[in-house]
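Read the figures in this text as sums done on the coordinates, not as results from a lab. Source: prediction; values computed, not measured. Cβ placement follows ideal geometry from the backbone for every residue including glycine, while neighbour counts extend to all protein chains displayed.
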Amino acid sequence: MPERFHGVRAALICGIAVALTSLTGAIFPPGVWYESLNQPAGTPPDVAFPIAWTLLYIAMAVAAWRVWRTAGVGAALGLFALQLALNALWMPIAFGAQALGWALLVIVALWIALAATLAAFWRADRLAGVLLAPYLAWVSYAVYLNAGLLWLNWSGA
């Protein structure tokens, strides 16, 4: 017999998981080092990042809640947890360790995990898949920005 869905508990868990992931941005801000880097063409103004990420994190939490409600805890939410972990890992590597090469590997892994998550969410709940689509677009853009930062600032060392 399937476990009874507890909507409020699921919403709290999804919201807290996403909020904890977002904290890496506060713990590891870009800072002076990032500001000193040559920026790739199309880099948005700094104010765009917290606005975009806030909206994306809200959509992520809602999408995860919908999948939990529809499909229960399973492979789709496992993929969601994986991409959240990779998302949380990027900031300490990129800005904390200032290791843009490693950060590029992490963000490409994030993109792959997120694409798999979106596909799994789409199968479980189409709206959940739609809610993740802007996130995949933003991470695609972030891959470009990370690669551009690496390329423009690589010292060869």
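Where only DSSP H runs of four or more residues are counted, the chain gives -26500 deg cm²/dmol as its mean residue ellipticity at 222 nm, each run worth -39500 (n - 2.57). Here r is the Cβ-Cβ distance between Val130 and Leu12 and R0 is 41 Å; the resulting FRET efficiency, rounded to 0.05, is 0.95. Membrane-span-like helices of the chain, defined as complete DSSP H segments with a Cα extent of 27 Å or more along the helix axis and a mean Kyte hydropathy of at least 1.6, are identified as 7-27, 100-124.
Taking all Cα pairs closer than 8 Å and separated by 6 or more residues, the relative contact order of the chain comes to 31 percent.
Loop-resident chymotrypsin sites (Phe, Trp or Tyr not before Pro) (DSSP state other than H, G, I, E or B) in segment 1-45 with no more than 15 further Cβ atoms inside 10 Å of their Cβ: Phe5. Here is the size of segment 1-153 from its Cα atoms: Rg then Dmax, 16.1, 58 Å.
The modelled label-to-label distance between Leu152 and Phe5, using points 7 Å beyond Cα along the C-beta direction, is 4.5 nm.
Between Ile27 and Arg69, the modelled labels are 3.1 nm apart [label points 7 Å from Cα along Cα→Cβ].
Magnitude of the charge dipole for the chain, about its Cα centre and with charges confined to Cβ atoms of Lys, Arg (+1) and Asp, Glu (-1), is about 540 debye.
Listed peptides 117-124, 63-70 appear in the order 63-70, 117-124 once ranked by packing, highest mean of other Cβ atoms within 10 Å at the front. Centre-to-centre separation between the Cα atoms of segment 81-146 and those of segment 38-77: 9 Å.
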